[in-house]
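Chemist: Take a look at this one; I'll ask things after.
The values are calculated or read from the model by the stated rules, or taken from the named source; none is laboratory data. If you're wondering where the values come from, they're calculated on a predicted model, not measured in any experiment. Heads up, the Cβs are rebuilt from the backbone with ideal geometry, glycines too, and the neighbour counts pull from every protein chain shown.
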Amino acid sequence: MKTNRLFFRYLAFGLEIVLLWVLQSTPKLLPEILGAKPLLLMAAALSFAVCEDVIPAVILGAVCGVLCDLSSGGTVGYFAVALTLVCFVQSSLLDTYLNRNLLTGSVLSLGAVVLVLGLYFVFFKLLAGIPDSGALFVSHYLSRMGYTFLTFFPLFFLNRFLKKSFR
């Protein structure tokens with residue numbers, strides 16, 4: 001009976017990932033706030049890292065990263081590697097040193113969003129020599145960081161509910 005519940009839990013997580021990928025990839029479906037759309041798959045990966053153990057969080061984070069790379073149309077591999085590493089570190093910290101709750105999960109997720117999107121900006125915009133990159137960071141990347149972080153909360157509650165329902 002336990003394997004059935006695990007199967008349905010990960011099936012629900014997989015359906016959630018596909019739905020978020022479609023929502024994130026469809027043009028003009030999500031409203032833009034200050035010129036930026038959220039990275040729903042990043043928020044989902046971070047919520048998986050808070051709700052799940054290390055191995056499932058890493059696998060789900062890698063899947064979200066690959067789909068995020070595919071939908072971004074740019075570099076393939078950055079988000080896959082970054083979300084895999086961030087999910088591993090976040091889930092390991094929560095398993096070993098911290099309590100799994102909304103406060104610690106949101107603080108770690110905020111740091112992860114700022115780190116991943118900040119490094120993306122540095123590697124692919126700043127070092128590429130894009131003119132007026134400071135204005136681009138302020139007008140586009142800061143709002144994307146905030147918007148992505150805000151989408152973490154409903155996904156956290158959804159994934160916590162799914163984990164408790166299929167326990």
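Chemist: Considering (1) over 23 Å from Tyr147 (Cα atoms); (2) within 16 Å of the chain's Cα centre (by Cα), say which one Ser92 fails and leave the rest.
Modeler: Every condition holds for Ser92 apart from (2).
Chemist: Within segment 108-167, work out how many residues are assigned to a helix (DSSP H, G or I), more than 14 Å from the chain's Cα centre (by Cα) and β-branched (Val, Ile, Thr).
Modeler: 2
Chemist: Sticking with this structure for a sec: Give me the residue from segment 30-86 that is of a type in the set (S, T, N, Q) and surrounded by fewer than 24 Cβ atoms within 10 Å (Cβ to Cβ) and, out of that set, modelled with the highest pLDDT. Walk me through it before giving the result.
Modeler: To start, the set of residues in segment 30-86 that are of a type in the set (S, T, N, Q) comprises 47, 71-72, 75, 84.
Among the residues that remain, those that are also surrounded by fewer than 24 Cβ atoms within 10 Å (Cβ to Cβ) are: 71-72, 75, 84.
Working: Ser71: 85, Ser72: 79, Thr75: 66, Thr84: 96.
Of everything passing the filter in segment 30-86, Thr84 is modelled with the highest pLDDT.
Chemist: Condition first: of a type in the set (A, V, I, L, M), touching a residue at least 24 places away in the same chain (Cβ under 8 Å) and either more than 17 Å from Leu150 (Cβ to Cβ) or not in a loop (DSSP other than H, G, I, E, B) (or both). Now tell me which residues in segment 19-34 satisfy that.
Modeler: Of everything in segment 19-34, those that are of a type in the set (A, V, I, L, M), touching a residue at least 24 places away in the same chain (Cβ under 8 Å) and either more than 17 Å from Leu150 (Cβ to Cβ) or not in a loop (DSSP other than H, G, I, E, B) (or both) turn out to be Leu20, Ile33.
Chemist: Follow-up. I need the full set of residues from segment 51-103 which are aromatic (Phe, Trp, Tyr), farther than 24 Å from Pro27 by Cα and assigned to a helix (DSSP H, G or I), in order please.
Modeler: Phe88
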